[in-house]
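The values are calculated or read from the model by the stated rules, or taken from the named source; none is laboratory data. The structure displayed is predicted, hence computed values, not measured ones. Note that each Cβ is placed from the backbone with ideal geometry, even for glycine, and that neighbours are counted across all protein chains shown.
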Amino acid sequence: MRCPFCGHAESQVKDSRPSEDNAAIRRRRFCPECGGRFTTFERVQLRELTIVKRSGRRTPFDREKLVRSVSIALRKRPIDQERSERMVSGIVRQLESWGETDIPSSVVGEMVMKALKGLDEVAYVRYASVYRDFRETQDFARFLGEEGLNEEVDA
């Protein structure tokens, strides 16, 4: 494993243990070149997934991109990192067991929205505002009315 600090090609594993959700192996590493310490996570990948965008463009599935988008939606919300990580791991497992290697981006977006709705409604609306490309306040009002999240909205 390449050192993220100095780029040295070799590092030593000092400690290995399962992650909190048992979905990965957490490894503490040490670089003999610069003395840097860092953590890596090793996960089982059942198959190579490809995301098919609305435009038809195809990109490899990137778990870290999913983690970042969920983290943005959950920013400053009272949800701990472990629950967020379990949610992302559950979505990835669903995608891997979906049976197809080419997955429309809309499927991923809907899975994230469904998971966020059960986790935190504010994060759910935040994610939906980007995913559904809200442009004005009426878009929020319409969405909230459709979802039954806000009973006081005059749609």
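Note on the stretch 70-80: among residues that are within 15 Å of the chain's Cα centre (by Cα) and outside any helix (DSSP H, G or I), the one that is farthest from residue 24 (Cα to Cα) is 75. The C-beta contact set for the stretch 54-77 (first residue more than 17 Å from residue 110 (Cα to Cα) and in the same structural domain as residue 131 (by TED's automatic domain parsing), second residue of a type in the set (D, E, K, R) and modelled with pLDDT under 95, distance under 8 angstrom, 6+ apart or interchain) comprises 58/102; 59/53; 60/48; 77/120. Select from the stretch 19-76 the residues that are closer than 18 Å to residue 93 by Cα and of a type in the set (S, T, N, Q) and write down the one among them that is surrounded by the fewest Cβ atoms within 10 Å (Cβ to Cβ). Ranking the qualifying residues of the stretch 19-76, first place goes to 22. Close Cβ contacts (under 9 Å, 6 or more residues apart or on different chains) running from residues in the stretch 1-12 that are free of Cβ contacts under 8 Å to residues at least 12 places away in the same chain to residues that are surrounded by 13 or more Cβ atoms within 10 Å (Cβ to Cβ) and small (Gly, Ala, Ser) comprise 2/11. Restricting the first member to the stretch 81-101 and to residues that are outside the structural domain of residue 115 (by TED's automatic domain parsing), and the second to residues that are exposed (fewer than 13 other Cβ atoms within 10 Å of the Cβ), no beta-carbon pair is closer than 8 Å while six or more apart or on different chains. Every test in (1) at pLDDT below 90; (2) within 12 Å of the chain's Cα centre (by Cα) is passed by residue 145 save one, and that test is (2).
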